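Asker: What follows is a single structure, and I will ask about it in a moment.
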Amino acid sequence: MASLRDIRRRIASVKNTRQITRAMKLVAGAKLRRATDAALAAKPYQDTLARVLARVAAAAGDSVEHPLLTAPDNDTDVLVVLMTSDRGLCGGFNNQLAKRTQEEIDRLIAEGRKVRILGYGKKGIGYFTKRGYDVETVAIDIHPSTYEDLSRQLADRLVAALQADEFSRVMLAYNEYRNAMSQPPMFQQLLPMSSGAAGDDEPTGPAGEAEAMLEKLGTPMPSTEYLYEPNGQYILDRLLPMALQGRILQAFLETQAGEQAARMTAMDNATRNAGEIIDSLTLAYNRARQAAITTELTEIVSGAEAL
Amino acid sequence: MLHVEIVTPGAVAWKGEATEVQVPGLLGEMGVLDGHAQVLALTRTGVVRLQLEGGATETLIVGPGFAELTPLGVTMLVDMVEPAGTVDHATAQRDLEAAEAALAQAQDGTDAWREAEYRAELARARLSA
């Protein structure tokens with residue numbers, strides 16, 4: 001049986017751990033709020049962009065032609081943009097994504113394609129480097145203030161690479177942030193964009209209101225026909241890179257929010273577990289103390305009797 | 001009444017009602033009133049002037065982006081927005097001179113050139129606001 005001092009030492013050490021996990025949970029909670037606020041603040045821009053893009057694409061119909069929408073002359077190379085966190089202690093957040101992505105990549109490789117990973121965040125880069133995949137470290141120790149720059153750089157790079165036929169498509173692997181409890185891993189096509197993927201949601205905002213009002217008056221919307229200034233093609237040329245960049249930025253923001261949410265859950269569990277361990281250790285300590293007292297008493301009494 | 005929304009990647013920068021809006025289109029200034037035709041226009045760095053109900057006006061400096069004009073309102077998606085007067089005249093003048101000097105040095109079409117041109121346009125917009 002462990003001595004009293006051993007048990008006391010263990011209790012102290014578990015208490016320390018509990019303090020750390022509790023602090024980490026609080027920090028993650030604060031960061032999660034900031035991350036979800038940032039993701040929410042970015043939403044109106046993305047929504048408007050997606051809505052306008054969908055309309056432009058719909059208005060242009062099948063005639064729409066743009067390098068970002070058409071498959072390049074290359075069907076061997078695939079780029080995978082992988083977004084994970086830089087730090088661990090966030091439950092299965094990185095591992096789930098890495099495993100899912102590995103399955104997808106192995107399938108692509110089995111189809112005879114060459115896969116190159118563009119890694120953001122230490123955890124994912126470490127996972128795939130260790131397993132011998134072709135990984136390029138694009139950025140580690142990523143601070144949220146650099147998300148906009150990073151997404152602009154990545155978008156520029158991808159557009160240039162697409163025009164040079166350096167790959168057949170680009171996939172994006174990240175954790176989608178649904179809510180604080182659920183951040184499922186995603187593996188989605190980033191390029192070439194399909195014009196439908198921009199989102200066909202009901203239009204909202206001024207245009208949506210205008211549509212709704214005209215519908216009420218019984219007048220059909222003057223279709224969704226726009227006048228373009230300067231012209232449709234020119235606008236599409238500008239809109240598509242903006243949309244690509246927006247999509248990447250969104251993924252960064254969701255990765256950050258998801259990481260903090262996952263860490264909060266993990267640290268909450270850890271704190272609770274530490275509490276349970278402390279309870280059972282305290283019980284063992286009390287029992288050991290009582291046993292020691294009883295032994296001492298017995299010794300005294302039997303010693304007195306012997307006299 | 002026009003419903004106006006000016007949105008940047010980080011936030012909805014301005015939202016409200018206006019009777020008239022002036023938008024810095026790529027091909028020139030556009031004045032928007034009630035019942036405007038549906039237009040999708042690229043916009044450049046410049047000044048947005050809003051005529052509010054009751055005669056007040058609001059002047060904003062905006063970065064490049066685009067504007068969606070509908071019969072009932074204006075939605076602008078731009079890089080940045082700041083109220084006129086955020087940067088004072090003297091600073092803007094200095095910025096403009098620095099940017100023009102950089103513009104003269106840089107080679108056409110390079111990143112440095114684009115950067116300098118953007119700064120020059122921004123300074124010009126601030127001066128004209």
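Asker: Could you say whether any residue in segment A:249-270 is in a helix (DSSP H, G or I), open to solvent by 60 Å² or more (accessible area, probe 1.4 Å), closer than 22 Å to A:Leu190 by Cα and in contact (Cβ under 8 Å) with a residue 40 or more places away in the chain?
Answerer: no
Asker: Out of B:Arg119, B:Arg114, B:Arg124, report the one residue that is out of contact with any Cys (no Cβ under 8 Å at 6 or more places or on another chain), within 14 Å of chain A (Cβ to nearest Cβ) and open to solvent by 50 Å² or more (accessible area, probe 1.4 Å).
Answerer: None of the other options fit; the residue is B:Arg114.
Asker: Got a sec? Which of B:Glu82, B:Glu5, B:Glu68 is more than 12 Å from chain A (Cβ to nearest Cβ), outside any loop (DSSP other than H, G, I, E, B) and closer than 27 Å to A:Ala38 by Cβ?
Answerer: Details: B:Glu5 fails: more than 12 Å from chain A (Cβ to nearest Cβ); B:Glu68 fails: more than 12 Å from chain A (Cβ to nearest Cβ).
The conditions single out B:Glu82.
Asker: Related question: For segment B:41-61, state whether one or more residues are within 11 Å of another protein chain (Cβ to nearest Cβ), in a loop (DSSP other than H, G, I, E, B) and of a type outside the set (Phe, Trp, Tyr).
Answerer: Scanning segment B:41-61, I find no residue that is within 11 Å of another protein chain (Cβ to nearest Cβ), in a loop (DSSP other than H, G, I, E, B) and of a type outside the set (Phe, Trp, Tyr), so the answer is no.
Asker: So which of A:Arg55, A:Arg107 is assigned to a helix (DSSP H, G or I) and either open to solvent by less than 30 Å² (accessible area, probe 1.4 Å) or among the hydroxyl-bearing types (Ser, Thr, Tyr) (or both)?
Answerer: So the residue among A:Arg55, A:Arg107 that is assigned to a helix (DSSP H, G or I) and either open to solvent by less than 30 Å² (accessible area, probe 1.4 Å) or among the hydroxyl-bearing types (Ser, Thr, Tyr) (or both) is A:Arg55.
Asker: Which one of these is of a type in the set (A, V, I, L, M) and surrounded by fewer than 17 Cβ atoms within 10 Å (Cβ to Cβ): B:Leu60, B:Leu72, B:Leu52, B:Leu96?
Answerer: Values: B:Leu60 fails: surrounded by fewer than 17 Cβ atoms within 10 Å (Cβ to Cβ); B:Leu72 fails: surrounded by fewer than 17 Cβ atoms within 10 Å (Cβ to Cβ); B:Leu96 fails: surrounded by fewer than 17 Cβ atoms within 10 Å (Cβ to Cβ).
Criteria check complete, one pass: B:Leu52.
Asker: Still on this structure, I have one more. Could you tell me whether A:Arg87 is part of a loop (DSSP other than H, G, I, E, B), surrounded by fewer than 16 Cβ atoms within 10 Å (Cβ to Cβ) and charged (D, E, K, R)?
Answerer: Taking the combined requirement at face value, the residue satisfies it.
Asker: For segment B:75-93, give me each residue that is closer than 28 Å to A:Pro241 by Cα and open to solvent by less than 70 Å² (accessible area, probe 1.4 Å).
Answerer: B:Thr75, B:Met76, B:Leu77, B:Val78, B:Met80, B:Val81, B:Glu82
Asker: Looking at B:Ala123, B:Ala99, B:Ala90, which one is out of contact with any helix residue (DSSP H, G or I) (no Cβ under 7 Å at 6 or more places or on another chain) and either part of a helix (DSSP H, G or I) or β-branched (Val, Ile, Thr) (or both)?
Answerer: Unique residue meeting the criteria: B:Ala90.
Asker: While we're here: Identify the single condition in (1) over 18 Å from the mean Cα position of the chain (by Cα); (2) open to solvent by 30 Å² or more (accessible area, probe 1.4 Å); (3) within 14 Å of chain B (Cβ to nearest Cβ) that A:Asp165 does not satisfy, given that it satisfies every other one.
Answerer: Among (1) over 18 Å from the mean Cα position of the chain (by Cα); (2) open to solvent by 30 Å² or more (accessible area, probe 1.4 Å); (3) within 14 Å of chain B (Cβ to nearest Cβ), the lone unmet condition for A:Asp165 is (3).
Asker: Being open to solvent by 30 Å² or more (accessible area, probe 1.4 Å) and within 15 Å of the chain's Cα centre (by Cα) is the requirement here; does B:Gly35 meet it?
Answerer: It is false that B:Gly35 is open to solvent by 30 Å² or more (accessible area, probe 1.4 Å) and within 15 Å of the chain's Cα centre (by Cα).
The values are calculated or read from the model by the stated rules, or taken from the named source; none is laboratory data. Given the structure is predicted, the values throughout are model-derived calculations rather than measurements. Note that each Cβ is placed from the backbone with ideal geometry, even for glycine, and that neighbours are counted across all protein chains shown. Calculation scope for accessible area: heavy atoms of the full protein, side chains included, ligands and nucleic acids excluded. Shrake-Rupley method; radii C 1.70, N 1.55, O 1.52, S 1.80 Å.
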